[in-house]
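Have a look at the structure below before the remarks.
The values are calculated or read from the model by the stated rules, or taken from the named source; none is laboratory data. This is a predicted model, so every value here is computed, not measured. Every residue, glycine as well, gets a Cβ built from its backbone with ideal geometry; the counts of neighbours run over all protein chains shown.
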Amino acid sequence: MATIRPLIVIVGPTASGKTALAITLAKRYDGEVICADSRTVFRDMNIGTAKPTAEEMQGIPHWGLDLTQPGKRFTAAAFQSYARDVIADIRSRGKVPIMVGGTGLYVDGVLFNYQYPSEPTSQERAYFEQLSLEELYRYCVEHGIQLPVNDKNKRHLIHAALRNGTEPQRNKQLHTDTYVYGIAVANSVLQQRIQIRTEHMFEDGVVEEAKQLGEMYGWDNEAMTSNIYPLLHAYLQGKTTRQQVMETFMTRDRQLAKRQLTWFRRNPYIQWGHSDDILRSVEELFTTEQ
């Protein structure tokens, strides 16, 4: 019987270098990359979500990108089902699946085989969607529902309210042949990378991208109310300056990085290290496999 190729998982905060490391590993060990990112699943949202370009992919197949159009719902359960199929397909061709991303719920849903509750009805969802951020927050507090890590995000509060405080059932241990690595980056280095990436977004045309997306899908659809896009909407309306948008977005990305680290540090199976440390660990893994 052929040996099952290991599932390599790379996690870490935004701008920590996860994609570059995953591509390096894929080139060395004949792998394919699965992106576990709740922002890059949307088509046409490329620059603002820091989606890897064709040049950055270096010919390595990437899965998990452009799965739906902005405004369409795409759940963690949908990603889990998709990722399972892709991992099985990659392994069936004798290649190594490498899952990379910063969306903790996407990653953990695959790692720990989450059993998600049934989908809420359209009426239930419509009720919570018409509530304001403050009303959603108050509803969760009054009903004893645990607030999400980012309780300033309306989408996360709606999700918490719809779950009514219940959490998905999950395995306590990883699947066999699964290895999870977390990129450790000094805070000063991470902040510098966030700044450089933000500058590159503007140089690459994120303002023009946002304008086109607003015209194509509308500014009020869910995908356009997060990330950098609402800031750019205000900029295009003349309500703020380019520099203010950049500063606010960098602050939000730093806050995102903290939330991501808080999430991933709860996972005892993650082996943390710098990129070079992870490369050595994976090399030892494949040496042992042979």
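Here are a few things to note about the model shown:
- Residues of segment 89-106 satisfying the condition of being farther than 22 Å from LYS152 by Cβ and among the aliphatic types (A, V, I, L, M): ILE90, VAL96, ILE98, MET99, VAL100
For (1) more than 21 Å from GLY71 (Cα to Cα); (2) modelled with pLDDT of 90 or more, each residue gets a yes or a no:
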| position | (1), (2) |
| --- | --- |
| GLY104 | yes, yes |
| GLY109 | yes, yes |
| PHE112 | yes, yes |
| GLN115 | yes, yes |
| PRO120 | no, no |
| LEU131 | no, yes |
| GLU134 | yes, yes |
| TYR139 | yes, yes |
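- Residues of segment 1-56 satisfying the condition of being in contact with a Gly (Cβ under 7 Å, 6 or more places away or on another chain), within 20 Å of ARG265 (Cα to Cα) and in a loop (DSSP other than H, G, I, E, B): GLY12, PRO13, THR14, ALA36, ASP37
- Considered as a group, the residues in segment 91-107 that are surrounded by fewer than 23 Cβ atoms within 10 Å (Cβ to Cβ) and in a helix (DSSP H, G or I) include one that is farthest from the chain's Cα centre (by Cα), and that residue is SER92.
- When LEU7 is tested against (1) under 21 Å from LEU174 (Cβ atoms); (2) out of contact with any helix residue (DSSP H, G or I) (no Cβ under 8 Å at 6 or more places or on another chain), only condition (2) is not met.
- Top-ranked residue of segment 195-226 - restricted to ones that are assigned to a loop (DSSP other than H, G, I, E, B) and either closer than 28 Å to LEU157 by Cα or among the basic types (Lys, Arg) (or both), ranked as modelled with the lowest pLDDT: SER226
- Restricted to segment 108-137, and to residues there that are of a type in the set (S, T, N, Q), assigned to a loop (DSSP other than H, G, I, E, B) and under 24 Å from the mean Cα position of the chain (by Cα), the residue that is farthest from ILE278 (Cα to Cα) is SER118.
- Close Cβ contacts (under 7 Å, 6 or more residues apart or on different chains) running from residues in segment 72-85 that are touching a residue at least 12 places away in the same chain (Cβ under 8 Å) to residues that are surrounded by fewer than 14 Cβ atoms within 10 Å (Cβ to Cβ) and of a type outside the set (Lys, Arg) comprise PHE74/THR68.
- Candidate set: segment 71-86, residues that are in contact with a helix residue (DSSP H, G or I) (Cβ under 8 Å, 6 or more places away or on another chain) and at pLDDT 95 or above; chosen: the one nearest to MET201 (Cα to Cα): PHE79
- Among the residues listed as LEU213, LEU190, LEU261, LEU236, the single one being touching a residue at least 24 places away in the same chain (Cβ under 8 Å), among the aliphatic types (A, V, I, L, M) and surrounded by fewer than 17 Cβ atoms within 10 Å (Cβ to Cβ): LEU236
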